[in-house]
Amino acid sequence: MNDLKRLYSTRHQEIFACASSQYYGIAGSGTLLVLEQSEENISVVRSFDWNDGLFDVTWSENNEHVLVTGGGDGSLQIWDTANPQGLLQVLKGHTQEVYAVDWSQTRGENLVVSGSWDRTAKVWDPEQCQLVGSLQGHEGVIYSTVWSPHMPACFASASGDGTLRVWDVKAGACRLAIPAHKAEILSCDWCKYDQNVLVTGAVDCGLRVWDLRNVRHHLAEMISHSYAIRRVKFFPFHQTVLASCSYDFTVRFWDYSKNQPLLETLEHHSEFVCGLDFNLHVPNQVVDCSWDETVKVYTPSCLTSL
């Protein structure tokens, strides 16, 4: 396993998933791993193989056993961990690698969004296994697609073209395009407390916080990483706190409202750190994963002192 991304289950505090790829995702197969955390260790509950690399994973908001992954063959895979065969359906539509998938979080909505190297974002109905819409506008690879936790039918995307875009699925259009960095943007995330605030992380080693009501200048900028930022994530229990992981082998925690925003730096991996998530059920608990083939669960001291 050389490329991992995990997400805590929406229902169980001790279950999380990893999407993995052989040979750094360049060639070879992929594996979806469902892991369980106990007091002693982390163990594999289920594993499912795919014939190409898997780059991202997202849990169903409605079914604790169902996940979606994005693959190097341009398809999305729907999995049922309660099913011995695992694979339920394959969704085809992208022409290149699917690098991002996310399940909608707003009530009354059951949609998956995917972002691809083919520069399109696609919206799917996972129950009907149908393509709902395909959105174009990015001029580079789409590395991140994330549904708004506040606004129905709205998601953000981050791209290699240096822009952050906000999309309206019902209108089938981009509502806002922000030239957020002069470098590839690998990740974005929404603030859980303010529907207008997002964060971006880029190859330029910087994080920028944006207020959609005034995008002429970023709300905050944080620079400390020494290599590209692979994943950014807002803390679900504090409005201005967030985390980032990077190809510099570190995970960093920030409070963008402070003059000195860096709260803590952890360097407990020996390779690129490419996955990061907060536990919604256990406040302050974090999980991350790395190309060094390890997954770590921990509670940073900076979060317990907030």
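Which entries of Lys170/Lys296; Lys122/Lys192; Lys170/Lys192; Lys182/Lys258; Lys182/Lys233 show an alpha-carbon separation above 28 angstrom in the structure shown?
Details: Lys170/Lys296 39 Å; Lys122/Lys192 23 Å; Lys170/Lys192 22 Å; Lys182/Lys258 25 Å; Lys182/Lys233 21 Å.
In this structure, Lys170/Lys296 lie more than 28 Å apart at Cα.
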> Can you tell which of His138, His94, His238 shows the greatest fluctuation in a Gaussian network model of the chain with Cα springs below 10 Å?
Replying inline: His238
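Below 8 Å, C-alpha to C-alpha, sequence gap of six or more: please give me the relative contact order for segment 46-122 in percent. Intermediate values should be presented prior to the final figure.
Working: 171 pairs, mean separation 19.2, N = 77.
Worked out over segment 46-122, it gives 25 percent.
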> Picking from Leu198, Trp103, Leu91, whose Cα lies most toward the positive end of the charge dipole for segment 85-202 (charges on Cβ: Lys, Arg +1; Asp, Glu -1)?
Replying inline: Leu198
>> For Leu280, what accessible surface area do you get with a 1.4 Å probe? Give it in Å², rounded to 10.
In response: 110
> What label, among [x] 28; [y] 17; [z] 5, belongs to percent of Cα pairs over 38 Å apart computed from the structure on display?
Replying inline: [z]
>> Between segment 119-189 and segment 258-306, how far is it from one alpha carbon centroid to the other, in angstrom?
In response: 26
> Taking R0 as 22 Å, what's the FRET efficiency between His150 and Ile223 from their Cβ-Cβ distance, rounded to 0.05?
Replying inline: 0.20
>> I want to verify a result. In a Gaussian network model of the chain, Cα cutoff 10 Å, which of these has the top mean-square fluctuation: Thr31, Thr95, Thr145?
In response: Thr95
>> Which order do you get for Met151, Met222 if you rank them by accessible area with a 1.4 Å probe, largest at the top?
In response: Met151, Met222
>> Report D for segment 92-166 in µm² per second (integer): Stokes-Einstein, Kirkwood Rh on Cα pairs, 25 °C, 0.890 mPa s.
In response: 201
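The values are calculated or read from the model by the stated rules, or taken from the named source; none is laboratory data. Please read these numbers as outputs of a predicted model, since none were measured by experiment. Every residue, glycine among them, receives a Cβ derived from its backbone with ideal geometry; neighbour counts consider all protein chains shown. The protein model used for the area step is the full one, side chains on, heavy atoms only, and it has no ligands, DNA or RNA in it. Shrake-Rupley method; radii C 1.70, N 1.55, O 1.52, S 1.80 Å.
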